[in-house]
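Colleague: Structure incoming, see below.
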Amino acid sequence: MIFLRLEEIVEKIKQVSGLEEEEIRKMVKEKQRELYGLVSPEGAAHIVARELGIELVKKEFFKISDLKPGMNDVNLKARVSRIFLREFEKDGERKKVGNVFLVDETGEIRLTLWNEQIESFPAKEGEVVEITNAYTRKNIFGETELRIGNYGNIKIVEDDGSLPLGERAYIFSTINKTIPGKRYQIRAAILHIFNTNIFYEICPECGVIVKNSTCPTHGEIEPEHTMIVNAIIDDGYGNMRAVFFRDIAEKLFGKTSEELFKENINERIKNILGNEYIFYGRVRKNEMFQRKELIIDDFEEVDPEKEAEKLLKDFNSKVD
């Protein structure tokens, strides 16, 4: 933060607003009286400038690749690439959580919104937003995540064409040819699902994984449950561990985490094993076990009719 002297603030207000110096100083003294003398002249001048819509200090904007967990006062300009919303019930009330994926020319980051924040989020997919006074934290995936606190703000800004469109490109590949750090489309069958450590307790307010029903931010809570599913997939060319997080895991099982927590999940696992899917995801290297993993972004069941149409189309293009 750059601290300005009173004379500098007054001069800046004068240049931008066109007001006379005497009038500005009068407004500053009036603001001090209004706040019972609890702020300095410089502080009162800052408030006057803000009320006049004058930006005294140019904001420092970060690139997504610069963001690390634990940062405060984060300002970011990015494009909304995808929005996912989920509803759940707590204490008889319907709640909402939203995951907004933002992109710039350096990468992608997840912005998590809750309840009223979702209702007030101004943008649609494809629009450019300016986010100010946000903060970052590490999420359950071990990745940096963006949050909007009490003083954060989001607004739509003009799209000058400098930001990428945010469309994810997946490389069609077989498992044996995948490289960590790239996104792939892989057709494979689920051979095995590990049925231990599937369910985790999370804080219903911030979504962080908790132990002993205690959240480091919100204290003692009534936890909810989320899912992290580890599976082995095979496409005939190789096999790989695939990881399904939260809503993607729920999609695989066809029920919410809370519903599955209350029933025998082993029966549902039996119904999934051997099924073939088209997986979309990012390959990363698990440093602890020195192996490749596919982090699933989404998946779809194999449609025999669509596959037949695709094969016929490919065949006809080669014949022509």
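Colleague: For LYS26 and ASN72, what is the calculated FRET efficiency with R₀ set at 45 Å and r taken between the beta-carbons, to the nearest 0.05?
Modeller: 0.80
Colleague: Rolling a 1.4 Å sphere over the protein heavy atoms, what is the accessible area per residue of region 78-194, to the nearest Å²?
Modeller: Computed with neighbouring chains in place, this is 53 Å² per residue.
Colleague: So, by mean Cβ neighbours within 10 angstrom, what's the order for 251-259, 14-22 with the highest one leading?
Modeller: Top of the packing list down: 251-259, 14-22.
Colleague: Still on this structure: Along its principal axes, what span do the Cα atoms of region 59-103 show, with the longest given first and each in whole Å?
Modeller: 43, 23, 17
Colleague: Continuing with the same structure: State whether region 1-56 is rounded, prolate or oblate according to the following rule on the C-alpha gyration tensor (a ≥ b ≥ c being the square roots of its eigenvalues): a/c under 1.5 gives rounded; otherwise a/b larger than b/c gives prolate, and the remaining case gives oblate.
Modeller: Oblate shape, in that a/c is at least 1.5 and b/c is the bigger or equal ratio.
Colleague: Test of understanding: extend the Cα→C-beta vector of THR217 to 7 Å, then name every residue of region 103-123 with backbone N under 16 Å from that spot.
Modeller: Counting backbone N atoms under 16 Å from the label point, the list is 110-118.
Colleague: Please express the shape of region 61-187 as an equivalent ellipsoid: the semi-axes are the square roots of 5 times the eigenvalues of the C-alpha gyration tensor, given largest first in whole angstrom.
Modeller: Taking √(5λ) for each eigenvalue gives 25, 20, 15 Å, largest first.
Colleague: If I build a Gaussian network model for the chain, linking alpha-carbon pairs within less than 10 angstrom, which residue out of ARG291, ARG246, ARG110 has the largest mean-square fluctuation?
Modeller: Comparing ARG291, ARG246, ARG110 in a Gaussian network model of the chain, the most mobile one is ARG291.
Colleague: With respect to the cross-link table entries LYS59/LYS96; LYS12/LYS59; LYS262/LYS285, which display a Cα-Cα separation exceeding 23 Å?
Modeller: LYS59/LYS96; LYS262/LYS285
Colleague: Still on this structure: Where the eigenvalues come from the Cα gyration tensor of the chain, what are the semi-axes √(5λ) of the equivalent ellipsoid, largest first, in whole Å?
Modeller: Equivalent-ellipsoid dimensions as semi-axes: 49, 25, 16 Å.
Colleague: Taking all protein chains in place and a 1.4 Å probe, what share, in percent, of the accessible surface of region 1-88 do carbon and sulfur account for?
Modeller: Whole-percent figure for carbon plus sulfur exposure: 52.
Colleague: Sequence-distant or interchain residues sharing an amide H contact under 5 Å with MET71, placed H: which?
Modeller: The answer is THR136.
Colleague: Separation of region 1-65 and region 119-157 by C-alpha centroid, Å?
Modeller: Between the Cα centres of region 1-65 and region 119-157 lies a distance of 27 Å.
Colleague: Put +1 on the Cβ of every Lys and Arg and -1 on every Asp and Glu Cβ in the chain; which of TRP114, PHE172, LEU102 then has its Cα farthest towards the positive end of the dipole?
Modeller: PHE172
Colleague: Let me ask you something else. Can you spot the aspartates and glutamates whose alpha carbon is less than 16 Å from LYS68's alpha carbon? Ignore those fewer than 8 places along the same chain.
Modeller: Here the aspartates and glutamates satisfying the reach criterion relative to LYS68 are GLU60, ASP104, GLU108, GLU143, GLU145.
Colleague: Hey, what angle do you get for helix 304-319 against the long axis of the chain, alpha-carbon based, 0 to 90 degrees rounded to 10?
Modeller: 90 degrees
The values are calculated or read from the model by the stated rules, or taken from the named source; none is laboratory data. This structure is a prediction, so every number in the text was calculated from the model and none was measured. Glycine gets a Cβ as well: all are built from the backbone with ideal geometry, and neighbour counts include every protein chain shown. Side chains included, ligands, DNA and RNA excluded: accessible areas come from the protein's heavy atoms. Shrake-Rupley method; radii C 1.70, N 1.55, O 1.52, S 1.80 Å.
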